[in-house]
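Here, each number is a calculation from the coordinates, and none is a lab measurement. Model, not experiment: these values are computed from the prediction. Because the Cβ atoms are built from the backbone with ideal geometry, glycine has one as well, and the counts that use them run over all protein chains shown.
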Amino acid sequence: MKPNAILILVIVTGLVISALLSRSLDAHRSSNHEQFAEEPLYVDGPTAKRLSLAFNGLAADWYWMRSLQYVGGKIVAYQDQHQGRMDFGGLRSLKLKLLPQLLQVGTTLDPHFIAPYEYGAMILPEVDSDQAVALLNYGVAENPSTWRLYQHLGYIYWQRHEYEKASEVYAAGARIPGVPGWMAAMSARMKAEGGSRDAAREMYLHLSETSADEAVKDMVVKQIMRLDSLDERDAIRRVINDFKTRQGRCPSSWREVTEPLLAERLQIERATGAPIDPSGAPYELIKNGCDVGFDINTRVPWR
């Protein structure tokens with residue numbers, strides 16, 4: 001019983017010290033806290049692994065939670081400065097300089113912890129795509145039978161417009177026993193039409209179907225809205241250009257082009273005749289009626 005009592009005492013003492021230290025840091029937080037929070041980690045992955053002894057899994061969980069808190073804190077701070085608006089298509093503006101190192105240390109501590117790889121596949125390409133590729137390549141090497149990592153790595157190469165590499169990664173993943181049949185189909189599609197919107201839709205739908213992460217699903221919804229809006233705006237511009245060719249001017253209101261907009265199977269707002277974007281907000285006529293733009297209340301990622 002004595003060794004157990006000593007172990008319990010050590011754990012309780014550590015928790016008490018951690019709580020006191022946390023309170024002290026909160027009480028004396030300086031005005032340069034944000035700068036301090038962006039300082040590089042003092043240990044790299046291999047060093048952290050040696051220091052954590054037999055508690056690698058626990059330490060990996062801590063770095064994973066810190067990664068989530070770090071990004072969450074950045075989002076809250078950004079929204080506070082921009083009237084609650086956050087464009088998840090432009091995460092580069094959050095300046096997540098510390099995230100690659102946090103994910104690298106966490107996955108080094110526990111190479112078989114899949115969640116950080118999936119999170120990195122979604123976020124890191126906006127921060128540093130080379131770091132994203134390195135993280136997922138490490139994940140694939142450590143977990144060669146986890147086909148979802150091949151899917152995420154292929155997704156990153158697709159984002160980088162490296163369709164040949166994306167095709168190779170999907171083909172490698174398709175050779176894993178029990179993998180969904182669409183992995184091989186995606187390999188062929190990346191080669192044939194990797195940059196098409198239809199290929200992008202399929203990519204996002206498969207990401208949504210295979211992930212339990214709500215942040216991933218939310219990202220997929222927004223990106224599909226963006227793709228649908230690109231198609232809609234192409235159709236609207238065709239209508240505007242046809243009107244300009246016939247009338248020698250651009251339309252002064254949506255009412256002047258309601259019928260051709262309906263012929264393009266676009267949803268129309270009854271009160272104004274404006275076509276409606278995928279988030280339910282009306283499009284706006286801009287540039288003196290010669291082009292189409294977004295309403296301020298749109299939820300479609302516009303970048």
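Sorted from fewest to most neighbouring beta carbons within 10 Å, what does the list Thr108, Thr146 look like?
On the way: Thr108 20, Thr146 17.
Going from least to most buried by this count: Thr146, Thr108.
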When Lys and Arg each count +1 and Asp and Glu each count -1, what net charge do the other residues less than 13 Å away from Thr245, Cβ to Cβ, add up to? +4
In 10 Å bins starting at 0, how do the alpha-carbon pair distances of the range 232-293 split up by percent? 24, 63, 12, 0
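What dipole magnitude, in Debye to the nearest 20, does the range 153-222 give about its Cα centre under +1 on Lys/Arg Cβ and -1 on Asp/Glu Cβ?
Details: 9 positive and 10 negative charges, 28 e Å.
Computed charge dipole of the range 153-222: roughly 140 debye.
Mind sorting Ile176, Ile240 by how few other Cβ atoms lie within 10 Å of their own Cβ, fewest first? Walk me through the numbers on the way to the answer.
On the way: Ile176 13, Ile240 22.
Ascending Cβ contact count within 10 Å gives the list Ile176, Ile240.
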So if I place +1 on the C-beta of Lys and Arg and -1 on the C-beta of Asp and Glu, and nothing else carries charge, what would the dipole magnitude of the range 173-303 be about its Cα centre? I want it in debye, nearest 20. 360 debye
Residue farthest toward the positive end of the dipole of the range 135-246, with Cβ of Lys/Arg at +1 and Asp/Glu at -1: which of Met203, Val169, Val179? Met203
Dipole magnitude of the range 232-293, debye to nearest 20 (Cβ charges: Lys/Arg +1, Asp/Glu -1, about Cα centre): 220 debye
To one decimal place, what Kirkwood hydrodynamic radius in Å is obtained for the range 115-232 from all pairs of distinct Cα atoms? 14.1 Å
Net charge near Arg265: determine it from the other residues with C-beta under 11 Å of the C-beta of Arg265, scoring Lys and Arg +1 and Asp and Glu -1. -3
Find the centroid of the Cα atoms in the range 224-271 and in the range 109-123, then give the distance between the two in whole Å. 43 Å
Provide Met203, Met186 in ascending order of the number of other Cβ atoms located within 10 Å of each residue's Cβ, fewest first. Met203, Met186
Hey, which aspartates and glutamates would be in cross-link range of Lys191, C-alpha to C-alpha under 17 Å, not counting anything within fewer than 8 residues on its own chain? Glu162, Glu164, Glu168, Glu202
Could you list, bin by bin from short to long, the percent of Cα-Cα pairs of the range 181-303 in 5 Å steps? 2, 11, 18, 18, 15, 12, 10, 8, 5, 2, 0
